[in-house]
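Asks: After the structure tokens below, expect a handful of questions from me.
The values are calculated or read from the model by the stated rules, or taken from the named source; none is laboratory data. Keep in mind that this is a model prediction, so the values were computed, not measured. Every residue, glycine among them, receives a Cβ derived from its backbone with ideal geometry; neighbour counts consider all protein chains shown.
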Amino acid sequence: MKVALVTNHSEKSQKAMAQLEQELAAAGIEQDQAQPDIVISVGGDGTLLSAFHQYIHQLDRVQFVGIHTGHLGFYTDWRDYEVKELVKSLTEDVGHSVTYPLLDVTIEFHSKPDQHFLALNECSVRRINQTMVADVYIKEEKFERFRGDGLTVATPTGSTGYNKSIGGAVIHPRVNALQLTEFASLNNRVYRTLGSPMIIASDEWVRLVLEEADDYFIGIDQLNFQDKDVKQVTLKVAKERIQFASYRHTHFWRRVKDAFIRKCEDDEVES
């Protein structure tokens with residue numbers, strides 16, 4: 001087994017990283033940043049997102065493990081005080097893993113080559129200065145003309161992030177689907193959209209045909225860019241999937257409860 005390490009620059013993460021390197025060396029586990037079998041992120045969900053994009057061309061052979069050093073995250077099964085236990089589990093590895101869906105994003109431009117991306121969380125499209133106008137197609141059939149601030153398409157694991165903050169549903173990652181969510185849509189006697197999140201099946205896709213404008217802002221996980229040449233964006237469930245080594249995989253709904261509910265319940269008990 002060969003392991004790669006990715007961390008952020010916080011003091012707590014650096015301390016956990018130092019202990020992790022010591023424990024790996026003591027266990028005789030080789031570190032290889034170029035061709036690992038396991039990628040361990042030390043930090044939070046953002047750090048794991050960075051690790052995912054760093055090893056995005058090796059998804060068929062690498063598994064990910066997350067160590068969390070801050071607030072509870074959705075991609076991290078281990079805490080910074082459990083480094084010794086994690087390394088022990090590596091030495092007892094039997095190859096078990098769980099896989100989650102990814103988002104396939106193709107951006108077509110008016111006057112330059114297409115660009116292709118994979119996303120772990122979501123892709124958002126919006127305009128900076130004015131109302132965004134886009135024809136929304138499901139497969140090859142036009143569904144609606146959207147007017148508003150923007151649209152986001154999220155994976156199930158990404159459904160707890162930006163998607164949830166704009167009214168989207170939380171979806172279990174075993175559901176192989178995507179979610180299309182509007183934010184700040186215009187709905188009145190003249191303009192009308194569905195106005196609610198949509199769950200898109202794995203054999204369907206979303207195509208956003210954009211009105212020509214010079215201020216489109218596109219976010220793909222942590223990557224953000226602005227471009228005036230965007231013609232359309234096509235989004236679908238990717239053929240690739242991310243693998244998480246399941247040495248100790250936390251139940252998804254327990255993660256959701258820990259992130260959004262448990263502190264309030266604890267406060268009620270204490271009061």
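Asks: Of the conditions (1) at pLDDT below 85; (2) more than 18 Å from the chain's Cα centre (by Cα), Val209 satisfies every one except a single condition; which number is it?
Replies: The number of the failed condition is (1).
Asks: Let me ask something else about it. Which condition does Phe52 not pass, out of (1) in the same structural domain as Val175 (by TED's automatic domain parsing); (2) under 23 Å from Trp253 (Cβ atoms), if it passes all the others?
Replies: The failed condition is (1).
Asks: Considering only segment 182-227, give the strands (runs of 3 or more DSSP E) lying wholly within it that have at least 3 residues that are in contact (Cβ under 8 Å) with a residue 40 or more places away in the chain.
Replies: 205-210, 216-220, 223-227
Asks: When the residues of segment 97-137 are filtered to those that are free of Cβ contacts under 8 Å to residues at least 40 places away in the same chain and of a type outside the set (Asp, Glu), which remaining residue is surrounded by the most Cβ atoms within 10 Å (Cβ to Cβ)?
Replies: By that ranking, first place goes to Gln115.
Asks: Need at least 2 residues that are surrounded by 14 or more Cβ atoms within 10 Å (Cβ to Cβ), over 24 Å from the mean Cα position of the chain (by Cα) and not β-branched (Val, Ile, Thr) per element, so show me which helices (runs of 4 or more DSSP H) inside segment 1-95 make the cut, counting only ones lying wholly within it.
Replies: Result: 11-26, 83-91.
Asks: Right, another one. Which condition does Glu82 not pass, out of (1) outside the structural domain of Thr152 (by TED's automatic domain parsing); (2) modelled with pLDDT of 90 or more; (3) touching a Leu at 6+ places or on another chain (Cβ under 6 Å), if it passes all the others?
Replies: Here Glu82 meets the rest and fails (3).
Asks: Any idea which of Leu194, Leu186, Leu180 is at pLDDT 95 or above, under 16 Å from Leu151 (Cα atoms) and not β-branched (Val, Ile, Thr)?
Replies: The conditions single out Leu180.
Asks: Counting only residues that are part of a strand (DSSP E or B) and in contact with a strand residue (DSSP E or B) (Cβ under 7 Å, 6 or more places away or on another chain), how many does segment 228-249 have?
Replies: 15
Asks: If you don't mind, there's one more thing I want to ask. Keeping to segment 100-149, report how many residues are more than 15 Å from Ala184 (Cβ to Cβ) and basic (Lys, Arg).
Replies: The total comes to 4.
Asks: Under 6 Å between Cβ atoms, which residue pairs at least 6 apart in sequence (or on different chains) link something in segment 138-156 that is not assigned by TED's automatic domain parsing to the domain that holds Val233 with a partner that is in a strand (DSSP E or B) and among the charged types (D, E, K, R)?
Replies: Within 6 Å, no pair qualifies.
Asks: State whether one or more residues within segment 148-164 are assigned to a strand (DSSP E or B) and over 30 Å from Ala259 (Cα atoms).
Replies: Taking every residue of segment 148-164 in turn, none turns out to be assigned to a strand (DSSP E or B) and over 30 Å from Ala259 (Cα atoms).
Asks: I'd like the full set of residues that are in contact with a Ser or Thr (Cβ under 7 Å, 6 or more places away or on another chain) and more than 19 Å from Phe146 (Cα to Cα), limited to segment 197-221.
Replies: None - no residue of segment 197-221 is in contact with a Ser or Thr (Cβ under 7 Å, 6 or more places away or on another chain) and more than 19 Å from Phe146 (Cα to Cα), so the list stays empty.
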